[in-house]
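Right, one structure below, let's go through it.
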Amino acid sequence: MTRRMQGPRSMLECWWSGRVLDRYVEQQPAIPLTPAERDRLERHLSVCERCATSATERRRVLAALDRLGDQHAPPPASLRRAHDLVRDLTDGDPA
Amino acid sequence: MAGRDGKEPEGPPGSEDMTPSAAPAQRGEATRAEAFARWVEPEVEVLLRVAHTLTGSWSDADDVVQDTLVRAWGAVDRFDGRHPRAWLLTILRRTHLNSLRRGRPDLVEDDVLARHRPAFGAAHASSPEQVVDDRAFDADVAEAVGSLGEQFRRAVLLVDVDHLTYDEAAAVLDVPTGTVVSRVSRGRSRLRAALAHRRPRGGSR
Ligand SMILES: [Zn+2]
């Protein structure tokens, strides 16, 4: 059960959370959160429904983009052509 | 591998293929070929994915990747072996740019929306309701991606769909890593705004 936080302190935490949530939910962030940042964020998410919902939405979009990547898998013929070319090149026989 | 044309490198019995007793030129050639294959083979799929993101079609992606591989082979002597993926992606970017300059405006990626619209087939979720919900959501996400501005769309596709690191995406786009971080972040934010009507079921009370 989440509780709604009140006051300027929570607004500051919400603002800060909004800035770091992407780095929290993505697989390979450019700059990973430090353990202290992660603790702070998780404490906030446990009491702020709005930011927790935002984290869920971000994860959901990332998961959908990941599934889009499955549609984006190269056709076997393309893979085969590329691998064949590598083999031809390294055989010293550039087709 | 060895003795393809009947010639074995000379060496003491029990020695491996790559002994120092092989003729230097021959040995260098073999080492170069081996190293190239070792660096490039694992990256072929990623090169094709990225080329598809840049060109919007598999046949054009094929062409770009073939050109990229030939150029990489020509440049392998100048490559120090560190970060093969970034090296290959940089070559791929230049190759793609050249292909655009050669004038194939139809290659430019406004097709990406159509090509990224998911086929109704793949399923990851468990319950039937979840599958139906995911598919509908995925179609909305694909459409939202297609309506992003080009800079944001490319950044999001490279990082969130093709799963390049930010540094790798920066090599493809020829911009600083920080610029990619910013474009991805803004691209995602626009996606969320476009999908605001599609809140998770049972969410946002
Ligand atoms: Zn909050």
Requested in this report: Give just the number: which of (1) more than 7 Å from chain B (Cβ to nearest Cβ); (2) more than 30 Å from B:ALA33 (Cβ to Cβ) does A:ARG80 not satisfy?
Outcome: (2)
**Report entry** Single unsatisfied condition, A:ARG87 versus (1) within 16 Å of the ligand (Cβ to nearest atom); (2) at pLDDT 90 or above
**Finding:** (1)
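State yes or no: is A:SER46 more than 10 Å from chain B (Cβ to nearest Cβ) and in contact (Cβ under 8 Å) with a residue 40 or more places away in the chain? It would help to see each step written out before you state the result.
Details: more than 10 Å from chain B (Cβ to nearest Cβ): yes; in contact (Cβ under 8 Å) with a residue 40 or more places away in the chain: yes.
In short, yes.
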Report summary line: Apart from one, (1) touching a helix residue (DSSP H, G or I) at 6+ places or on another chain (Cβ under 9 Å); (2) of a type outside the set (Lys, Arg); (3) in a helix (DSSP H, G or I) all hold for A:ASP70; the odd one out is (1)
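The values are calculated or read from the model by the stated rules, or taken from the named source; none is laboratory data. This is a predicted model, so every value here is computed, not measured. Reconstructed Cβ throughout: ideal geometry from the backbone, glycine too, with neighbour counts over all protein chains shown.
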